[in-house]
Amino acid sequence: YNHYYLIRARAISDPLRAIDPRTGVNNRREFERRLQDEIDKLGYADTESLAVAMLDLGDFRGVTVEYGRQTANEVLSEAAKSIEDSSRVDDCVARLGGDEFAIVLPGVDADGARMLAQRFVRAVTLRFRVGDLPAASKIMPSAGFSLYGMHGRTIEELITAADVALTAAKTSSRDGERVSSFVVSL
């Protein structure tokens with residue numbers, strides 16, 4: 001009898017372990033699991049068929065300080081929804097922490113990864129431009145991406161390269177271009 005309830009409890013709780021409670025998208029653990037699954041599917045010669053995009057919201061700390069935690073949580077939820085709505089069916093959208101999101105992009109090359117990263121940035125920008133949240137003026141999303149094979153072959157290498165590209169996009173955005181792929185030596 002207790003075994004039956006234990007099985008039911010696990011069936012209900014297991015999927016929840018993969019979800020970020022603030023945003024409703026996947027958490028870091030699920031992101032890394034899905035990325036490893038995609039890497040495992042690829043052969044050594046399968047380059048440019050998997051990408052990782054990272055996106056952050058800009059002055060998120062300013063939102064928290066000026067408008068409070070409640071508004072900051074609303075901003076996170078709206079951003080996550082915008083990214084998820086603009087992602088493809090096979091993509092894995094996750095919140096890594098703070099205002100940083102990551103997306104596993106299977107089956108894309110450099111042009112496809114750039115296009116999708118730009119789509120995510122536009123979706124979040126548009127949501128806060130037409131939205132009614134008072135913190136919208138502080139949201140300036142940026143994205144960076146890395147490609148399997150070109151920027152790394154492990155989870156750590158791909159995340160590091162995407163994070164470096166994200167930093168490059170934030171610090172050297174020109175003419176509104178807020179997406180970058182930055183080749184790093186690992």
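The values are calculated or read from the model by the stated rules, or taken from the named source; none is laboratory data. Predicted model only: the values in this text are computed from it and were never measured. We place every Cβ from the backbone using ideal geometry, glycine too, and count neighbours over all the protein chains shown. For accessibility, only protein heavy atoms count, side chains too; no ligands or nucleic acids. Shrake-Rupley method; radii C 1.70, N 1.55, O 1.52, S 1.80 Å.
Just wondering, is there one or more residues in segment 52-74 that are under 16 Å from A162 (Cβ atoms), in contact with a His (Cβ under 9 Å, 6 or more places away or on another chain) and aliphatic (A, V, I, L, M)? Yes, there is a match, as at least one residue in segment 52-74 is under 16 Å from A162 (Cβ atoms), in contact with a His (Cβ under 9 Å, 6 or more places away or on another chain) and aliphatic (A, V, I, L, M). The condition of being surrounded by fewer than 17 Cβ atoms within 10 Å (Cβ to Cβ) and modelled with pLDDT of 90 or more holds for T167.
Whether a residue is open to solvent by 70 Å² or more (accessible area, probe 1.4 Å) and among the basic types (K, R) was assessed, and R95 does not pass this test. Taken over segment 142-157, the residue count meeting the criterion of being among the hydroxyl-bearing types (S, T, Y), touching a Phe, Trp or Tyr at 6+ places or on another chain (Cβ under 9 Å) and either in a helix (DSSP H, G or I) or open to solvent by 20 Å² or more (accessible area, probe 1.4 Å) (or both) is 0. The residues of segment 36-73 that are of a type outside the set (G, A, S), under 21 Å from P141 (Cβ atoms) and crowded, with 18+ Cβ neighbours inside 10 Å, listed by number, are V52, M54, L55, D56, L57, F60, V63, T64.
Let's see how each residue does on (1) touching a residue at least 40 places away in the same chain (Cβ under 8 Å); (2) aliphatic (A, V, I, L, M):
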site	(1), (2)
R88	no, no
C92	yes, no
G98	yes, no
V104	yes, yes
D111	no, no
V121	yes, yes
T125	no, no
S137	no, no
P141	yes, no
